[in-house]
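Chemist: Below: one structure in C-alpha cells.
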Amino acid sequence: MKQYFQMRREKANKGLDFLFKTPIIDDEELVIYEGKADEDEYISWKPVEIPFEQDINSFLDMNLHYTIEDYFNSYWFADLDGFYKNYYIKLQSVLPDEWNSYIQLIDSYKNNHGDKLDKVPIGIEGNGLIVVVDNRSGVVYLEDFERGSFDSIADSLEVLIKTLKLNN
C-alpha cells in the first residue's frame, strides 16, 4: 500500500491535488486530515500508518482472510481507487472509529448471500459490480449479484493494489 500511496502523492504533486481531498466527515479532528476544510467542505488528507494491531475479527465476530486483515491494519486513509486492467476499482476506506459502516456492509452482504460469508466485500467497480475477496483463498473477484456470477480479476488483494493505476 505504501507503493500505491507514493504513486498517488506523485500524481497529486503534478497538479492533481484532488487526489488527496475528501469531503469532511463529522470528526474534524480525524488523524488523516491536514489543514482546514475549503469552501466546498473538502479537506486534504494523508495516509497514516496504523500504530497498533486492530482486532478486525472481533469487530465482525468472524475470521477474515489474512489479506483483508492486513488491509485494515496497514493505513488509515480516505480513498484507495484506480484502474485495474479495464476496470475502475474503488476499495473500502479505512478510517479510525468507522467500523460500524463496514460492519453494516458485511451484515447486509451476508444477509443477501444466504447468511454465508464465503466472499467478503472490499469495494466497488465503476459499473456497480462488487469487489470481493474469497475468504479462503484470498483471490479477488468482481461479483455481479443480479447474475449470480463471480469473475476473478486478481490473485490477491496485494496484486490488485500494487497494479492499480490512476489513469486508464
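Chemist: Assess whether LEU91 counts as being of a type outside the set (Gly, Ala, Ser), touching a residue at least 60 places away in the same chain (Cβ under 8 Å) and under 30 Å from TYR42 (Cβ atoms). Even if it seems obvious, please write down each step before you answer.
Modeler: Working: of a type outside the set (Gly, Ala, Ser): yes; touching a residue at least 60 places away in the same chain (Cβ under 8 Å): yes; under 30 Å from TYR42 (Cβ atoms): yes.
Considered against the rule, which asks whether it is of a type outside the set (Gly, Ala, Ser), touching a residue at least 60 places away in the same chain (Cβ under 8 Å) and under 30 Å from TYR42 (Cβ atoms), LEU91 comes out as yes.
Chemist: Hey, another quick one. Would you call ILE161 within 25 Å of PRO51 (Cβ to Cβ), part of a helix (DSSP H, G or I), at pLDDT 95 or above and within 15 Å of the chain's Cα centre (by Cα)? Step through it out loud before you land on a result.
Modeler: Details: within 25 Å of PRO51 (Cβ to Cβ): yes; part of a helix (DSSP H, G or I): yes; at pLDDT 95 or above: yes; within 15 Å of the chain's Cα centre (by Cα): yes.
Yes: the conditions hold for ILE161.
Chemist: Here is a follow-up. For SER44, all conditions in the list (1) surrounded by 16 or more Cβ atoms within 10 Å (Cβ to Cβ); (2) under 17 Å from the mean Cα position of the chain (by Cα); (3) without any contact (Cβ under 8 Å) to a residue 60 or more places away in the chain; (4) in a strand (DSSP E or B) hold save one; what is the number of the exception?
Modeler: Failing condition for SER44: (2).
Chemist: State all residues of the stretch 8-41 that are crowded, with 16+ Cβ neighbours inside 10 Å and outside any loop (DSSP other than H, G, I, E, B); if no residue qualifies, say none.
Modeler: ARG8, LYS11, ALA12, LEU19, PHE20, LYS21, THR22, TYR33
Chemist: Turning to a different aspect of this structure: For PHE83, indicate whether it is at pLDDT 90 or above and part of a strand (DSSP E or B).
Modeler: yes
Chemist: Separate question: Only one of SER156, SER101, SER74 is free of Cβ contacts under 8 Å to residues at least 24 places away in the same chain and of a type in the set (Gly, Ala, Ser); which?
Modeler: SER101
Chemist: So HIS65 passes all but one of these: (1) over 24 Å from THR22 (Cα atoms); (2) surrounded by fewer than 17 Cβ atoms within 10 Å (Cβ to Cβ); (3) in contact with a Gly (Cβ under 7 Å, 6 or more places away or on another chain). Which condition number does it fail?
Modeler: Only one criterion is unmet by HIS65, namely (2).
Chemist: Could you please let me know if VAL94 is among the β-branched types (Val, Ile, Thr), buried (at least 19 other Cβ atoms within 10 Å of the Cβ), modelled with pLDDT of 95 or more and under 27 Å from LYS21 (Cβ atoms)?
Modeler: Values: among the β-branched types (Val, Ile, Thr): yes; buried (at least 19 other Cβ atoms within 10 Å of the Cβ): yes; modelled with pLDDT of 95 or more: no; under 27 Å from LYS21 (Cβ atoms): yes.
The answer is no for VAL94.
Chemist: Suppose we keep only residues that are assigned to a helix (DSSP H, G or I) and of a type in the set (A, V, I, L, M, F, W, C) within the stretch 97-141. Which one would you say is surrounded by the most Cβ atoms within 10 Å (Cβ to Cβ)? First the steps, then the outcome.
Modeler: Initially, the stretch 97-141 is screened for residues assigned to a helix (DSSP H, G or I), giving 99-111.
Next, only the ones that are of a type in the set (A, V, I, L, M, F, W, C) stay: 99, 103, 105-106.
On the way: TRP99: 16, ILE103: 13, LEU105: 15, ILE106: 19.
Of everything passing the filter in the stretch 97-141, ILE106 is surrounded by the most Cβ atoms within 10 Å (Cβ to Cβ).
Chemist: Select, from ASP55, ASP81, the only residue that is surrounded by fewer than 19 Cβ atoms within 10 Å (Cβ to Cβ) and in contact (Cβ under 8 Å) with a residue 40 or more places away in the chain.
Modeler: Working: ASP55 fails: in contact (Cβ under 8 Å) with a residue 40 or more places away in the chain.
None of the others qualify; the one that does is ASP81.
Chemist: Cβ contacts < 9 Å: first residue over 17 Å from SER101 (Cβ atoms), restricted to the stretch 22-33; second residue modelled with pLDDT of 75 or more and of a type in the set (Lys, Arg), any location; separation 6+ or different chain. Result?
Modeler: GLU28/LYS36; TYR33/LYS46
The values are calculated or read from the model by the stated rules, or taken from the named source; none is laboratory data. Every value quoted in this text rests on a predicted model; they were computed, and no experiment measured them. Virtual Cβ from ideal backbone geometry, glycine too; neighbours counted across all protein chains shown.
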